[in-house]
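Asker: The following block contains the structure, expressed as structure tokens.
The values are calculated or read from the model by the stated rules, or taken from the named source; none is laboratory data. Fair warning: this is a prediction, and the values are worked out from it, not measured in the lab. Ideal geometry is used to build each Cβ from the backbone, glycine not excepted, and the neighbour counts take in all protein chains shown. The protein model used for the area step is the full one, side chains on, heavy atoms only, and it has no ligands, DNA or RNA in it. Shrake-Rupley method; radii C 1.70, N 1.55, O 1.52, S 1.80 Å.
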Amino acid sequence: MIHSTATPGLILREFKIYERFLDVEGQRAMVADLREVARRAPFFSPQTPYGKPMSVRMTSAGTAGWFADKSGYRYTDTHPQGTPWPPIPSRVLDVWRTVSGVARAPDCCLINYYGEGARMGMHQDKDEADFEFPVVSISLGDEGLFRIGNTTRGGKTQSLWLRSGDVVVMGGAARLTYHGVDRIRFGSSPLLEQGGRINVTLRVVR
Ligand code: SIN
Ligand code: MN
């Protein structure tokens, strides 16, 4: 274990929140990196096992990418088009190195795009092999209302608006805490020309 070289400005139910971790220049550069990933591995709308398409569009970088269809949620070696997921951009890995507190690099970089009206229901991230490794999340573009629950479904929740450049680390008790995004404020950030919100999550999957 190494120690993180950054201190969170806010801790909410063990979620460590680094507000404006990336400045505008860093955000723009990261969006350019992610566009390159999406050029090689286009965004798609996963189907949930319940048969409904998710409102969020997704793609991944790394050796494990996130995928969902009728048979369930899982990590795959390839994009649905059959090609390997592109490598995780080094600028994204730099964020992990600074805040994760662990020496291992992530093998999955999931990129979620929230267009107008998109949301993500309350869920746990629990398809990874070892929960000792945190999940690191980077927000870019429009503001998103992030809801934090408990380690079991239901109960009281707390919400906060995540803004462009914010980084959240979900480790320790937060690692298996339910969380979701109720809504975004479409058009609240000038970062993405077409509007919307990008959330990048980094995980050690295997
Ligand atoms: C997620 O939990 O996968 C996404 C969280 C977010 O969009 O902030
Ligand atoms: Mn999640």
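Asker: Can you give the accessible area of Ser55 in Å² (nearest 10), computed on protein heavy atoms with a 1.4 Å probe?
Answerer: Result for Ser55: roughly 60 Å² accessible.
Asker: Count neighbours as other Cβ atoms within 10 Å of each site's Cβ, and list the chymotrypsin sites (Phe, Trp or Tyr not before Pro) in the range 1-61 that are DSSP loop with at most 11 such neighbours.
Answerer: Tyr50
Asker: Tell me, what % of the accessible area of the range 10-203 is carbon and sulfur with a 1.4 angstrom probe?
Answerer: Its accessible area is 50 percent carbon and sulfur atoms.
Asker: A further question on this structure: Counting pairs of Cα atoms in the chain, how many percent are more than 22 Å apart?
Answerer: 45
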